[in-house]
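A.B. asks: This structure is in structure tokens; I'll ask about it shortly.
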Amino acid sequence: MKTIPGPDAFSQTLKNDARKYPNREDERYDDFMFFPAIEPSFSIGRDETVFTIGSCFARNVEKFLLDHNVTVPTAHFEAPHEEAPGNPNRVLNQYNPGTMMQVVEAAGQTPDKRAIYGGLTGSVVDCLLATGGERYQSLVQWNVVSRFRIFMGRVLGPRRRSSSHLV
């Protein structure tokens, strides 16, 4: 495979009449790179409450929103370090739309044992709980699982009051 310097590749691209890329005159162009122009279709005010669900991206959005004085209930959930090492609320992480929907649908309901399977020495595995893939992190006592599910019910149960949701 032939390797060519970036500026040469860019120059060659500009000569291609079929290209669909902007040229150097575009205001987004800077030093052989284009930067997206983003125009959000919504805004989040400081007086709003935002519920986040998702992966670590959602946790980082929480931090940003908190830094801007937005109320983010999920940012205040903390699992003890010995039960879930790392970011104290990383157990809230959900990695696919299916588990996210299950958490949302279960909101406000009494915690039950669906998706709960017995583990070793009286512990349980919660298939809706982000575990980080390490065995000792995935085996948690029912009271921890119940506490997580109750918290999510409290946060999501009144979800109609949240003015914004980030998934």
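A.B. asks: Exactly which trypsin sites (Lys or Arg not before Pro) in the range 18-64 are in a DSSP loop and have at most 11 other Cβ atoms within 10 Å?
C.D. replies: Passing both the DSSP loop test and the Cβ count: 19, 20, 24, 28, 46.
A.B. asks: Given that compact globular proteins tend to follow 2.2 N^0.38 Å, what is the ratio of the alpha-carbon Rg of the range 38-78 to that value?
C.D. replies: It is 1.16.
A.B. asks: While we're looking at this one, here's another question. Debye sum, Cα scatterers, the range 2-60, no solvent: what log₁₀ I/I(0) at q = 0.21, 0.23, 0.29, 0.30 1/Å?
C.D. replies: For the requested q values the scattering log ratios are -0.90, -1.01, -1.30, -1.31.
Here, each number is a calculation from the coordinates, and none is a lab measurement. Being a predicted model, the structure only gives us computed values, none of them experimental. For neighbour counting, all protein chains shown are included, and Cβ atoms are generated from backbone atoms with ideal geometry for every residue, glycine included.
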